[in-house]
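The block underneath contains the structure these notes are about, expressed in structure tokens.
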Amino acid sequence: MSLFGAEPTQLEAVVLTHEHTDHTRGVRRFCEEFGMPVFATRGTLSLITLDGVETRTISAGRRFSVGFLIVDPFKVRHLAAEPVAFSISVDSIKLGIASDLGSVTPDVVKHMSDSSLMFIEANYDEEMLLNGDYPDFLKRAIKSDHGHLSNNDAALLSVEASSEKTERVVLVHLSRDNNTPEKARETVRDRAKKSAYRPTVDVVEHSASAGPFELR
Ligand SMILES: [Zn+2]
Ligand SMILES: [Zn+2]
């Protein structure tokens, strides 16, 4: 926790996007220890054990607040019970967070648009996945509409959602086996060259922590 400059006591809640263990491991123990509530969709809550922890049910399209943050959950396609992604606003600053989704739909672009700071999944490089060692069923699941975003998908979302307000794009959820930080960064930067907006592109490497990110 202290790695990105925050202590648990400074946090108000944990907000989950979906139930997969790479996003929920340790949540129960952490929230119980610090008396913190968990916000998640009904589908997500139905699949994780949170005994002894206060839970709040959220759903796509229904705004809620955590402290002074306004959070707008929106639907994404991912192989999970009821996955969502979030945009978070404070005054005129908006943060868009889109990870663990298989397709960049117009609705995803709409919710991410005009963010000052965007966190976007760049899970795999298409060639690395194709030529890698994963079994075919897994390759298909990752590439499917309900899988993960490739570097090209991340580049597309970044360009489509960027505006003059967008300062920074942070690429997250990179596969250790099917991607490299260099490939992810280059793909997103290359696509931005043909666009009117060129936000700074950062990459969060696997299991590293990110931030804090400063905005102008
Ligand atoms: Zn994940
Ligand atoms: Zn997932």
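The values are calculated or read from the model by the stated rules, or taken from the named source; none is laboratory data. Small disclaimer: the values here were computed from a predicted structure and weren't measured. Cβ sites come from the backbone with ideal geometry, for glycine too, and all protein chains shown count toward neighbours.
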Report the residue count in the stretch 63-84 for those that are farther than 23 Å from Gly211 by Cβ, buried (at least 20 other Cβ atoms within 10 Å of the Cβ) and of a type in the set (A, V, I, L, M, F, W, C).
1
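Say whether the condition of being over 15 Å from the mean Cα position of the chain (by Cα) and within 18 Å of Val76 (Cα to Cα) is met by at least one residue in the stretch 156-177. So that I can check it myself, show each step before the final result.
In the first step, residues of the stretch 156-177 are kept if they are over 15 Å from the mean Cα position of the chain (by Cα); the result is 156, 159-160, 162-167, 176-177.
Narrowing the set further to residues that are within 18 Å of Val76 (Cα to Cα) leaves 156, 160.
The answer is yes, given that some residue of the stretch 156-177 is over 15 Å from the mean Cα position of the chain (by Cα) and within 18 Å of Val76 (Cα to Cα).
Output the residues belonging to the stretch 201-216 that are hydrophobic (A, V, I, L, M, F, W, C) and part of a loop (DSSP other than H, G, I, E, B).
Residues of the stretch 201-216 hydrophobic (A, V, I, L, M, F, W, C): 201, 203-204, 208, 210, 213, 215.
Hits for the stretch 201-216 are Val204, Ala208, Ala210, Phe213, Leu215.
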I'd like the residue in the stretch 85-113 that is away from ligand 2 (no atom under 15 Å from the Cβ) and in a loop (DSSP other than H, G, I, E, B) and, out of all such residues, is surrounded by the most Cβ atoms within 10 Å (Cβ to Cβ).
Val104
Cβ pairs under 9 Å, 6+ apart, first in the stretch 94-107 and among the β-branched types (Val, Ile, Thr), second within 13 Å of ligand 2 (Cβ to nearest atom) and in a loop (DSSP other than H, G, I, E, B)
Ile97/Thr17; Val104/Leu149; Thr105/Val76; Thr105/Arg77
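Please tell me if Arg176 is modelled with pLDDT under 95, of a type in the set (D, E, K, R) and surrounded by fewer than 16 Cβ atoms within 10 Å (Cβ to Cβ). Full working, then the answer.
On the way: modelled with pLDDT under 95: no; of a type in the set (D, E, K, R): yes; surrounded by fewer than 16 Cβ atoms within 10 Å (Cβ to Cβ): yes.
Spelling it out, it is not the case that Arg176 is modelled with pLDDT under 95, of a type in the set (D, E, K, R) and surrounded by fewer than 16 Cβ atoms within 10 Å (Cβ to Cβ).
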Right, Phe137: under 14 Å from the mean Cα position of the chain (by Cα) and aromatic (Phe, Trp, Tyr) or not?
no
Is there a residue being surrounded by 23 or more Cβ atoms within 10 Å (Cβ to Cβ) and in contact with a strand residue (DSSP E or B) (Cβ under 6 Å, 6 or more places away or on another chain) anywhere in the stretch 126-139?
no
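Can you go through Phe68, Phe74 and tell me which one is modelled with pLDDT under 95 and either more than 16 Å from ligand 1 (Cβ to nearest atom) or touching a helix residue (DSSP H, G or I) at 6+ places or on another chain (Cβ under 8 Å) (or both)?
Values: Phe74 fails: modelled with pLDDT under 95.
After applying the criteria, what remains is Phe68.
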